[in-house]
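Below you'll find the structure, written out as structure tokens, and then a few comments.
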Amino acid sequence: MRAGSVCDFLKNNLVTMIVTVMLLLAMPLQAALEDPTRPPSVTTTASASPQKIQRPRWVLTSTLISAQRRTAVINDIVVSRGDRINGAKVINIQPSTVRLRIGGRKITLMMLKKNIKSLSQMRH
């Protein structure tokens, strides 16, 4: 092997190692960047009240009532009577409502009217 080719080989490997180290050092910086396509988060301004915005702990999406079972979808989780969700116990499921018990309180979740669907009646 010629001396010039050994020197070129070492230069190329050195450049490759430097580029690799630079990329590895830049990775944490890249992870800290925000996604530009992500919707803006809710922020409070100095003039806004210091109260925290509360979201409901339970959101009733749908219910299924049949002769064999009664289920509901709360917070994207399928539940039945007796199941627990976010610390509350499911005590009753009706076509558009679900009753929960948490501690000594009973809470009724209701679906919005636009989400309630029923079977159409067949005409003879």
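Structure notes:
- In a residue-by-residue description of the range 22-33, the property of being in a loop (DSSP other than H, G, I, E, B), at pLDDT below 90 and under 23 Å from the mean Cα position of the chain (by Cα) applies to at least one position.
- For the criterion of being exposed (fewer than 12 other Cβ atoms within 10 Å of the Cβ) and modelled with pLDDT of 75 or more, V15 passes.
- Residue that is modelled with the highest pLDDT, among those in the range 62-91 that are of a type in the set (S, T, N, Q) and surrounded by fewer than 14 Cβ atoms within 10 Å (Cβ to Cβ): S80
- Scanning the range 88-107 for residues that are free of Cβ contacts under 8 Å to residues at least 24 places away in the same chain, within 25 Å of the chain's Cα centre (by Cα) and over 16 Å from V73 (Cβ atoms) yields K89, R101, I102.
The values are calculated or read from the model by the stated rules, or taken from the named source; none is laboratory data. Quick caveat: nothing in here was measured; it's all calculated off a predicted structure. Neighbour counts are summed over all protein chains in view; Cβ atoms, including those assigned to glycine, are modelled from backbone coordinates with ideal geometry.
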